[in-house]
Amino acid sequence: MKISISKKLLPILFVILLFLKCFGFIALNINALNYIFTVLLIFFIIKYKEPHWYRKTLLIYSFFIFCSCLYSFLYNKQSLFKTIFNSYNYLGLLFLFYIMNLKLNSFQLKKITLWLSLIFCTCYIFQWIIYPITIFSGSLDEVNISDEVFRMRMPGSLCAYILFFYGLNYYIITKNKKNLLYAAFGFLPILIMGFRSLILCTILFALIMIPYVTRDLKKSFKWMLLGCIVAVITSQLPIVQSKIDEMVDRQERGDTFANKDYIRYLEYYYFSDYIFTKEYEHMFGGGVPVFDGKSTYAKNIQDATDTYSYYWNDLGLLGLSFIIGIPAVILFIIIILKSISSCKDRDLQFIRFSMLTVLCASLVTSMEIYRTGNFIIIALLLSIECTKKNEICYEKNIGNKTIHV
């Protein structure tokens with residue numbers, strides 16, 4: 001796929017970047033934009049009325065998000081409207097219907113996704129190079145960034161995984177070395193972020209993806225062997241060695257589930273026993289905390305961070321269920337699994353394995369799959385899968401009628 005982008009797609013790319021606040025660009029870090037974007041997301045799903053499996057599921061998913069907001073209003077005394085508008089990140093899946101309404105083909109959607117991923121990785125690496133000068137909000141994180149360590153979390157981080165798997169996917173198909181550069185460019189932010197579970201999942205699923213792309217057992221073994229050789233050579237690079245040493249240090253400190261005092265255990269028990277303790281709160285979720293100085297609920301969550309360095313989002317999707325409720329999280333997982341199972345074409349394996357990687361690594365240890373902005377990007381990936389499915393049906397002489405998926 002050529003890297004150039006047509007004038008028709010540029011405005012769409014700009015809109016997506018705007019909804020992502022350009023990956024946390026400090027000048028766009030304005031909470032009022034969440035109010036505008038939330039209204040627009042609701043408008044998208046109302047306007048798009050074509051029969052669609054995701055539409056029905058996302059309506060029910062959104063209903064449970066609003067249930068968590070209502071619960072927060074009734075039991076945690078938060079402003080209903082502020083809670084709804086602060087739930088913008090989790091309503092980002094509704095962006096699917098803006099994309100579907102544009103009637104783009106799958107090639108155009110993949111081109112937008114490629115550009116978006118390249119822009120993300122460029123922004124991330126640029127911020128890494130110029131630090132301590134700060135341009136993106138992620139670079140203000142004093143917990144994960146210091147003079148010795150740079151592990152910046154950045155909105156839209158799913159783009160790095162997409163670019164890595166896209167590069168690997170298309171290199172196997174086309175043998176074009178440019179795609180290897182995409183894979184390397186995508187892996188660098190993943191490495192710098194320093195998540196042990198995500199790095200291991202990325203490498204593991206990269207190997208698993210190979211037979212899905214080659215569709216040939218003999219070729220798969222050859223590619224896997226080549227991948228292992230590249231991984232061994234890459235591990236000797238100074239930047240990679242530095243990150244490996246960092247992760248080994250954390251492992252030796254007991255930052256594993258084998259340690260009963262591991263912070264993930266402590267966080268779970270604390271939030272279960274002291275924060276989310278009201279009736280049915282685990283079921284419906286306590287709502288997204290609104291840090292407006294008026295919410296005792298939000299203050300208690302902030303106190304857990306300030307006093308003990310406990311974060312509910314360290315608990316992955318389990319932690320998310322504390323906020324938006326168990327039904328919403330289950331529906332979200334169903335949507336992701338539905339998309340993963342539907343990406344059967346060789347050229348869509350980068351979608352399947354990008355989402356599978358962040359899903360598996362986010363079950364109980366990371367918020368990567370629902371990091372700010374990632375729901376918008378997941379919506380874009382869902383649109384590629386849906387559009388590709390419609391195109392295949394059209395080619396089979398079913399016509400241009402949108403199918404139920």
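The values are calculated or read from the model by the stated rules, or taken from the named source; none is laboratory data. A quick note: this is a predicted structure, and the numbers were derived from the prediction, not measured. Cβ coordinates were reconstructed from backbone atoms using ideal geometry, including for glycine residues, and neighbour counts include every protein chain displayed. What goes into the accessible areas is simple: the full protein's heavy atoms, side chains included, and nothing from ligands, DNA or RNA. Shrake-Rupley method; radii C 1.70, N 1.55, O 1.52, S 1.80 Å.
Data table
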quantity	calculated
Unmet requirement for S321, which otherwise passes all of (1) surrounded by 19 or more Cβ atoms within 10 Å (Cβ to Cβ); (2) within 17 Å of the chain's Cα centre (by Cα); (3) in contact (Cβ under 8 Å) with a residue 40 or more places away in the chain	(3)
Qualifying residue in segment 267-274 (condition: surrounded by 21 or more Cβ atoms within 10 Å (Cβ to Cβ) and out of contact with any Phe, Trp or Tyr (no Cβ under 6 Å at 6 or more places or on another chain))	no
Residue match in segment 376-395 (condition: surrounded by 15 or more Cβ atoms within 10 Å (Cβ to Cβ) and free of Cβ contacts under 8 Å to residues at least 12 places away in the same chain)	yes
Candidates I133, I162, I129, filtered to the one that is out of contact with any Cys (no Cβ under 7 Å at 6 or more places or on another chain), part of a helix (DSSP H, G or I) and farther than 18 Å from L116 by Cα	I129
Matching entry among I340, I335 (being assigned to a helix (DSSP H, G or I), under 23 Å from T357 (Cβ atoms) and open to solvent by 10 Å² or more (accessible area, probe 1.4 Å))	I340
Meets criteria (out of contact with any Pro (no Cβ under 6 Å at 6 or more places or on another chain), part of a loop (DSSP other than H, G, I, E, B), over 20 Å from T372 (Cβ atoms) and at pLDDT below 70) for T277	no
Test: residue in segment 314-324 that is modelled with pLDDT under 90 and in a helix (DSSP H, G or I)	yes
Output for segment 83-131, where each listed residue is basic (K, R) and either under 20 Å from the mean Cα position of the chain (by Cα) or surrounded by 18 or more Cβ atoms within 10 Å (Cβ to Cβ) (or both)	K110, K111
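For every residue, the table says whether it meets (1) β-branched (V, I, T); (2) in contact with a helix residue (DSSP H, G or I) (Cβ under 9 Å, 6 or more places away or on another chain); (3) open to solvent by less than 10 Å² (accessible area, probe 1.4 Å).
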| position | (1), (2), (3) |
| --- | --- |
| L9 | no, yes, yes |
| L18 | no, yes, no |
| L33 | no, yes, no |
| L41 | no, yes, yes |
| Y61 | no, yes, yes |
| I65 | yes, yes, yes |
| K77 | no, yes, no |
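Rundown of residues vs (1) in contact with a Leu (Cβ under 7 Å, 6 or more places away or on another chain); (2) among the polar types (S, T, N, Q), yes/no style:
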position: N176; (1), (2): no, yes
position: Y182; (1), (2): yes, no
position: F185; (1), (2): yes, no
position: L188; (1), (2): no, no
position: S197; (1), (2): no, yes
position: L207; (1), (2): no, no
position: T214; (1), (2): no, yes
position: L225; (1), (2): no, no
